[in-house]
């Protein structure tokens, strides 16, 4: 027997899916309430506004990723093992929370400047954890190049929120992990003469 999610969780899941499918501005409070099985005004017992729902979704995504990455980096002495774990964290989260990633990417601009600033600061901390793990593995890269490699790899992984899976889930996850590690660890191609 499965336990029903608490109403707040139901609202967050409904809002994430609706925002991902239709966009933040096209979705009304009544739509969110109906998707969670309550009246639109009932949403206000849990969230002050539609914007507060969006803020909570983005905060939830960043908190989960940042806490996970901190734990990995603190618990791993080997940079390669830590990198594999960071990739696994991001891939698994991206596949399990496709709607949330889509909302994060497309709708963060709908948040207040203060909230965006806080989220950007936390995103930089998340990326810094990746930089710290990758740098000793890629002595061939300058500091700025490590930033490019990490940022581009994360963008590639986040892009999966907008593509329909064409292979079974396990294969999809394995392909993404392999692609991410290849992007992060592939050395420069020698110049042909």
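The values are calculated or read from the model by the stated rules, or taken from the named source; none is laboratory data. Just so we're clear, the structure is a prediction, and the values are computed from it rather than from any experiment. Please note: Cβ atoms are built from the backbone with ideal geometry, for glycine as well, and neighbour counts cover all protein chains shown.
Go over the candidates 150, 146 one by one and state the one that is over 18 Å from the mean Cα position of the chain (by Cα) and surrounded by 13 or more Cβ atoms within 10 Å (Cβ to Cβ).
Of 150, 146, the one residue that is over 18 Å from the mean Cα position of the chain (by Cα) and surrounded by 13 or more Cβ atoms within 10 Å (Cβ to Cβ) is 146.
Which of the helices (runs of 4 or more DSSP H) found entirely inside segment 10-115 contain at least 2 residues meeting this: without any contact (Cβ under 8 Å) to a residue 24 or more places away in the chain and crowded, with 18+ Cβ neighbours inside 10 Å?
29-36
Are any residues in segment 136-152 touching a residue at least 40 places away in the same chain (Cβ under 8 Å) and under 15 Å from residue 83 (Cβ atoms), and if so, which ones?
Of everything in segment 136-152, those that are touching a residue at least 40 places away in the same chain (Cβ under 8 Å) and under 15 Å from residue 83 (Cβ atoms) turn out to be 136, 137, 138.
Got at least one residue in segment 1-13 being touching a helix residue (DSSP H, G or I) at 6+ places or on another chain (Cβ under 6 Å) and more than 24 Å from residue 122 (Cα to Cα)?
Yes, because at least one residue in segment 1-13 is touching a helix residue (DSSP H, G or I) at 6+ places or on another chain (Cβ under 6 Å) and more than 24 Å from residue 122 (Cα to Cα).
Name the residue, out of 172, 131, that is on the phi < 0 side of the Ramachandran plot, without any contact (Cβ under 8 Å) to a residue 40 or more places away in the chain and surrounded by 13 or more Cβ atoms within 10 Å (Cβ to Cβ).
Testing whether each residue is on the phi < 0 side of the Ramachandran plot, without any contact (Cβ under 8 Å) to a residue 40 or more places away in the chain and surrounded by 13 or more Cβ atoms within 10 Å (Cβ to Cβ) leaves just 131.
Only one of these conditions is not met by residue 177: (1) over 27 Å from residue 24 (Cβ atoms); (2) modelled with pLDDT under 95; (3) part of a helix (DSSP H, G or I). Which number is it?
(2)
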